[in-house]
Ligand code: RP5
């Protein structure tokens, strides 16, 4: 993973180091778009003060979007969203016998008032969290808009290539 010299604009937060195998997808995608990010480990229940302190100070440090991965009774994204005005994107992690359904419901079912933009369970959600963050940042950054266009063109081209390979055409 490349380390950016620029100040981070996205925080990638996770509830445990065991979440990193999934959240690595977020990091890889942000890296590929050249978005400066930081990684922060904290737990809503094991380190509640660290969590609220981080969330309360994030905006003043220049962070613009917070991506949060957590598993089990995953209230981390909601707690962080409660302590910051920044957009929060949640990634439910498959960490228990319930295979991420617990984390999905805990993350997505926010009562009205405090939003958490919830992604799919697992690696696809982790990747999409980064892509959603890039789309938000691209609203005000032309260079990111261009990168997003090429990304989408490459994806479409890839489908055609796979079609040709599959059908020998
Ligand atoms: C959650 O509990 C974490 O986000 C993680 O997904 C899950 C299990 O954590 P560990 O027991 O592996 O630290 O808080």
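How many nm separate the modelled label positions at residue 163 and residue 139, each set 7 Å beyond the Cα in the direction of the Cβ?
3.4
Given labels modelled 7 Å from the Cα in the Cβ direction, how far is it in nm from residue 53 to residue 154?
Reported label-point gap for residue 53 and residue 154 is 4.0 nm.
For region 64-121, what is the convex hull (Cα atoms) projected area averaged across all directions, in square nanometres?
3.3
What's the angle, to the nearest 10 degrees (0 to 90), between helix 142-167's Cα axis and the longest principal axis of the chain?
For 142-167 against the chain, the angle is about 60 degrees.
Given the options 112, 90, 125, which has the most mean-square fluctuation in a GNM of the chain, springs set between C-alpha atoms less than 10 angstrom apart?
The residue that fluctuates most here is 112.
For the chain, what is the calculated [θ] at 222 nm in deg cm²/dmol (nearest 500), taking -39500 (n - 2.57) for each run of four or more DSSP H residues and dividing by its residue count? All intermediate terms of the calculation are to be shown ahead of the outcome.
Numbers: 6 runs with 81 residues, N = 169.
Rounded to the nearest 500, it is -15500 deg cm²/dmol.
As a test of understanding, state the convex hull volume per residue of region 103-169 from its alpha carbons, in Å³.
So the per-residue hull volume is 112 Å³.
Counting alpha carbon pairs within less than 8 Å and at least 6 residues apart, what relative contact order, in whole percent, applies to the chain?
Relative contact order for the chain comes out at 21 percent.
Binning every alpha carbon pair distance of region 1-97 at 10 Å from zero, what are the percents per bin?
Bins of 10 Å from zero give 17, 52, 29, 2 percent of pairs.
From the Cα trace of region 26-75, what convex hull volume per residue do you get, rounded to a whole Å³? Don't skip to the end; give the middle numbers.
Working: hull volume 4.0 nm³, N = 50.
Cα-based convex hull of region 26-75, divided per residue, equals 81 Å³.
Can you tell me how much longer the chain between residue 46 and residue 21 gets when fully stretched, taken as 0.36 nm per residue apart minus their C-alpha distance, in nm with one decimal?
Difference between extended and current length: 7.0 nm.
Could you work out the per residue convex hull volume over the alpha carbons of the chain, in cubic angstrom? Can you show the working numbers first?
On the way: hull volume 23.0 nm³, N = 169.
Measuring per residue, one finds 136 Å³ for the Cα hull of the chain.
If the elastic network links every pair of Cα atoms under 10 Å, which of 39, 121, 66 fluctuates the most in the Gaussian network model of the chain?
39
Every read-out reported here was derived from the displayed coordinates using simple, explicitly stated rules and does not represent laboratory data. Note that the structure is predicted; figures quoted are calculated from it, not measured. We place every Cβ from the backbone using ideal geometry, glycine too, and count neighbours over all the protein chains shown.
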